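S.K.: Sharing a structure with you now.
The values are calculated or read from the model by the stated rules, or taken from the named source; none is laboratory data. Here the structure is a predicted model, which means the values were calculated and not measured. Every residue, glycine as well, gets a Cβ built from its backbone with ideal geometry; the counts of neighbours run over all protein chains shown.
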Amino acid sequence: MLTVIRKLLDLLSPKSRLQLGILMGILIFTAVIEAASVASLMPFIALVMSPETIHENQRLAAIYSRLGFQSDASFLTAAGLAVLFLLLAANGLRAFSSWATMRYQYRELYQLRRFLLASYMAKPYSFFLARNSSELSSAIVNETSGVIDALLRPLIDVAAGSLVVLSIMVFLVVVDPVAALVIVTVLAGSYVIIYQLVKRKLAVLGEEQVKDAAIMFRSVYEAMIGIKDLKVLGRESTFLDRFLAAARRLSHNFAYLNIASQAPRQFLEVVAFGGVLLVILFYINQGREAANVIPVVGMYAFAGYRLLPSFHMMFGAAARIRSNVAKLHLIHEEICGGTVGSADAESMLRSHPQAKPARFRESLELRNVVFRYDGARQASLSGLNLHIRVGSSVGLVGPTGCGKSTTVDVILGLLRPASGQILLDGREITEEHRAGWQRIIGYVPQSIFISDDTLCRNIAFGIPDDEIDMERVQKAAATANLAGFIESSLSDGYHTQIGERGMRLSGGQRQRIGIARALYHDPSVLVLDEATSALDGVTEESVMDAVHQLAGKKTIIMIAHRLTTVRNCDVIYQLDGGAVVASGKYDDLMRDSSWFRSAARGAA
């Protein structure tokens, strides 16, 4: 339990810890009023049973005289109203503390999701190469909810219940230590025994819940993304069965958890009220009169009525905590296991768009760059050397697996070389300068991500609505040869909804959106990573016309699947084994490289 508390506190900001302390203060005050409401019942019942006590007791007589009561009935009425006020205050405080707890809980859920998403987005690109995106989504949406709803809230419930039990217990001990000890021992002991019987099973169920939730997210995500292939192949049932198996296990586990947390209640109610009968018999056998027994029994019955919900809440909370510890370990590792704190991660993300754009005046150089993916036996880049003059067009070609895409990712600043240097105008691009370098790059991948939004927002991707520059949008669309299609074919023009993943668009139109997106910021460098390899020859030619119009105006770096794409480049680098094995213009490589000649003939 101490480990759970420590890890939860690690996830809370200093402000959240302070607010948690204030919440605990509210719970302590509520517990004291709860005990006072229980304590007030016995003397009131005793007064009702023996009104003469009002005048026999010096304190009560003094109160009777000072407040000017005219009869015992009026005094008892006032006493009853005071007891009722305490009961109302206790219930009101309980409602207020529940509201404060819920408000704190959901504020922390928001903060935890915020911290986790910022932590993920601040991680290097290599992190995402080794992780499943659906599992990351599950962690942000599902596991964070488990940490707050099933760990933080139950811990607060345990604290609140413990405070109420302790406060009432202190009062009961004052009245009758033996009876109080027996009642609390029986109630608490019964819950402890039941919890010990099920706690191992709860821990196993918690680990299974994390795995099954991830499987459900992944099955839904992959089914929706690959729905076209699944329908053609007729394999929808495979993903449905995978989802249902995980969902069935998850439902079974939730049912077991709820049964385990509810089962003791009925048993303990019998024990508690049976205990009240035993107290009555105990006092009768001691020879006490009914007038003396009834107030004490009434108090114990009322105390049991208050204690049972607290014990039950504490047991249910302990069960939820035990079954959700695995989620806490996962989220704690994701947020606190890295080198960048959650607050630093968000600050870093917000500072990136504010970075001062780098100046590119002479050349970009990759000097003896080496890069190896985690777990790979061989380096993807082994002593790579490239020299790219400003304003030139450069093609990267080579067989599959030669390191072309890795080279582009290194140039983009997504992958950090194990050794070697990346020099801009002779100055190394360090981590400090990476954001400024990326500000002047436009990137067009092979597969363009299209969000289910308007054409305008897809071109000005990631820009807040109030900051979108429509002149830039239109200029980028015109440069990408997209403006004619927008004006002639789309009824709402740039504000047309284009559907999830751009399913209403052709391949060429999606690629032009990608080019327009890359050009929106008017970058100095345009990088195309096999941006036309999935297009037919005619469509590729029309897309490349848009790129050729930029020749000399921007530095263009392109990976080509078909060598005709790089025919007009100023220099072509042929890669193999992560290094440059030949370079020159198109005709030079046709003359000097047998692989290039073979590939060119195959493309033709």
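S.K.: Consider region 344-365. How many of its residues are under 25 Å from K123 (Cα atoms) and basic (K, R)?
M.R.: 2
S.K.: Any residue at all in region 191-200 that's modelled with pLDDT of 70 or more, more than 21 Å from the chain's Cα centre (by Cα), surrounded by 16 or more Cβ atoms within 10 Å (Cβ to Cβ) and not acidic (D, E)?
M.R.: The answer is no; no qualifying residue exists.
S.K.: Name the single residue that is surrounded by the fewest Cβ atoms within 10 Å (Cβ to Cβ) among those in region 366-382 being among the charged types (D, E, K, R) and within 15 Å of F127 (Cα to Cα).
M.R.: D374
S.K.: Next question, about the same structure. Output the number of residues of region 417-443 satisfying the condition of being in a strand (DSSP E or B) and either farther than 21 Å from R359 by Cα or of a type in the set (S, T, N, Q) (or both).
M.R.: Qualifying residue count, region 417-443: 3.
S.K.: Further question: Among the residues of region 394-418, which ones are buried (at least 16 other Cβ atoms within 10 Å of the Cβ) and more than 18 Å from Y573 (Cα to Cα)?
M.R.: G413, L414, L415, P417
S.K.: Got a sec? Which of D466, D453 is farther than 11 Å from Y520 by Cα and without any contact (Cβ under 8 Å) to a residue 12 or more places away in the chain? Break it down stepwise before answering.
M.R.: Numbers: D453 fails: without any contact (Cβ under 8 Å) to a residue 12 or more places away in the chain.
Unique residue meeting the criteria: D466.
S.K.: Report the residue count in region 10-32 for those that are of a type in the set (A, V, I, L, M) and over 18 Å from V158 (Cα atoms).
M.R.: So the answer is 3.
S.K.: Just one of A560, A546, A599, A579 is farther than 17 Å from K404 by Cβ, of a type outside the set (D, E, K, R), buried (at least 16 other Cβ atoms within 10 Å of the Cβ) and assigned by TED's automatic domain parsing to the domain that holds T406; which is it?
M.R.: Among A560, A546, A599, A579, only A546 is farther than 17 Å from K404 by Cβ, of a type outside the set (D, E, K, R), buried (at least 16 other Cβ atoms within 10 Å of the Cβ) and assigned by TED's automatic domain parsing to the domain that holds T406.
S.K.: Please verify whether A82 is touching a helix residue (DSSP H, G or I) at 6+ places or on another chain (Cβ under 9 Å), surrounded by fewer than 14 Cβ atoms within 10 Å (Cβ to Cβ) and among the aliphatic types (A, V, I, L, M), treating the condition exactly as stated.
M.R.: Yes.
S.K.: Take region 19-66 and flag every residue that is under 24 Å from S98 (Cα atoms) and hydroxyl-bearing (S, T, Y).
M.R.: Those that are under 24 Å from S98 (Cα atoms) and hydroxyl-bearing (S, T, Y): T30, S37, S40.
S.K.: If you don't mind, there's one more thing I want to ask. Looking at the structure I just gave you, is L8 under 30 Å from L330 (Cα atoms), assigned by TED's automatic domain parsing to the domain that holds R322 and not polar (S, T, N, Q)?
M.R.: Answer is yes for this residue.
S.K.: Answer with yes or no whether S16 is in a helix (DSSP H, G or I), assigned by TED's automatic domain parsing to the domain that holds G80, within 53 Å of the chain's Cα centre (by Cα) and under 14 Å from A100 (Cβ atoms). Before the answer, list the steps.
M.R.: Values: in a helix (DSSP H, G or I): yes; assigned by TED's automatic domain parsing to the domain that holds G80: yes; within 53 Å of the chain's Cα centre (by Cα): yes; under 14 Å from A100 (Cβ atoms): yes.
Judged against the criteria, S16 is a match.
S.K.: So if I check each of S74, S119, which one is within 15 Å of L47 (Cβ to Cβ), small (G, A, S) and either assigned to a helix (DSSP H, G or I) or more than 34 Å from the chain's Cα centre (by Cα) (or both)?
M.R.: Being within 15 Å of L47 (Cβ to Cβ), small (G, A, S) and either assigned to a helix (DSSP H, G or I) or more than 34 Å from the chain's Cα centre (by Cα) (or both) holds for just one of S74, S119, which is S74.
S.K.: Further question on the same structure: Taking the condition more than 21 Å from V525 (Cβ to Cβ) and touching a Phe, Trp or Tyr at 6+ places or on another chain (Cβ under 9 Å), does L490 pass? Break it down stepwise before answering.
M.R.: Numbers: more than 21 Å from V525 (Cβ to Cβ): yes; touching a Phe, Trp or Tyr at 6+ places or on another chain (Cβ under 9 Å): no.
So L490 does not fit the description; no.
S.K.: Test of understanding: among F485, F461, which residue is part of a loop (DSSP other than H, G, I, E, B) and not small (G, A, S)? Spell out how you get there, then give the answer.
M.R.: Details: F485 fails: part of a loop (DSSP other than H, G, I, E, B).
Just one listed residue meets the conditions, F461.
S.K.: So, one more: Would you check if there is a residue in region 405-428 being farther than 27 Å from R517 by Cβ, modelled with pLDDT under 90 and of a type in the set (S, T, Y)?
M.R.: no
S.K.: Could I ask something else about it? Out of the residues in region 508-525 that are aliphatic (A, V, I, L, M) and assigned to a helix (DSSP H, G or I), state the one that is surrounded by the fewest Cβ atoms within 10 Å (Cβ to Cβ).
M.R.: L519
Residues are listed down the side, and each one gets a yes or a no for (1) surrounded by 14 or more Cβ atoms within 10 Å (Cβ to Cβ); (2) of a type in the set (A, V, I, L, M); (3) outside the structural domain of P523 (by TED's automatic domain parsing):
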| position | (1), (2), (3) |
| --- | --- |
| G420 | yes, no, no |
| G426 | no, no, no |
| C456 | yes, no, no |
| A460 | yes, yes, no |
| M470 | no, yes, no |
| Q474 | yes, no, no |
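S.K.: Let me ask another. Name the one entry in A122, A100, A150 that is modelled with pLDDT under 80 and surrounded by 15 or more Cβ atoms within 10 Å (Cβ to Cβ). Explain how you work it out, then say what you get.
M.R.: On the way: A122 fails: modelled with pLDDT under 80; A100 fails: modelled with pLDDT under 80.
Being modelled with pLDDT under 80 and surrounded by 15 or more Cβ atoms within 10 Å (Cβ to Cβ) holds for just one of A122, A100, A150, which is A150.
S.K.: Looking at Q105, Q19, which is the one that is in contact with a Lys or Arg (Cβ under 6 Å, 6 or more places away or on another chain) and surrounded by 14 or more Cβ atoms within 10 Å (Cβ to Cβ)?
M.R.: It is Q105.
S.K.: Looking at M348 and the list (1) over 21 Å from H433 (Cβ atoms); (2) at pLDDT below 90, which single condition is not satisfied?
M.R.: (1)
The rows are residues; the columns are (1) at pLDDT below 90; (2) in contact with a helix residue (DSSP H, G or I) (Cβ under 6 Å, 6 or more places away or on another chain); (3) acidic (D, E); (4) assigned to a loop (DSSP other than H, G, I, E, B).
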{"position": "H561", "(1), (2), (3), (4)": "yes, no, no, yes"}
{"position": "C569", "(1), (2), (3), (4)": "no, no, no, yes"}
{"position": "I572", "(1), (2), (3), (4)": "no, yes, no, no"}
{"position": "V581", "(1), (2), (3), (4)": "no, no, no, no"}
{"position": "D587", "(1), (2), (3), (4)": "no, no, yes, no"}
{"position": "M590", "(1), (2), (3), (4)": "no, yes, no, no"}
{"position": "F596", "(1), (2), (3), (4)": "no, yes, no, no"}
{"position": "A599", "(1), (2), (3), (4)": "yes, yes, no, no"}
{"position": "G602", "(1), (2), (3), (4)": "yes, no, no, no"}
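S.K.: Which number in (1) charged (D, E, K, R); (2) in a helix (DSSP H, G or I); (3) over 15 Å from I557 (Cα atoms) marks the one condition that D409 misses?
M.R.: The one condition D409 does not meet is (3).
S.K.: Could I ask something else about it? Within region 168-177, is there a residue that is at pLDDT 80 or above and assigned to a helix (DSSP H, G or I)?
M.R.: Checked region 168-177: no residue is at pLDDT 80 or above and assigned to a helix (DSSP H, G or I).
S.K.: Residues of region 545-559 being within 21 Å of P445 (Cα to Cα) and either outside any strand (DSSP E or B) or among the β-branched types (V, I, T) (or both), which ones?
M.R.: D545, A546, V547, H548, Q549, L550, K553, T555, I556, I557, I559
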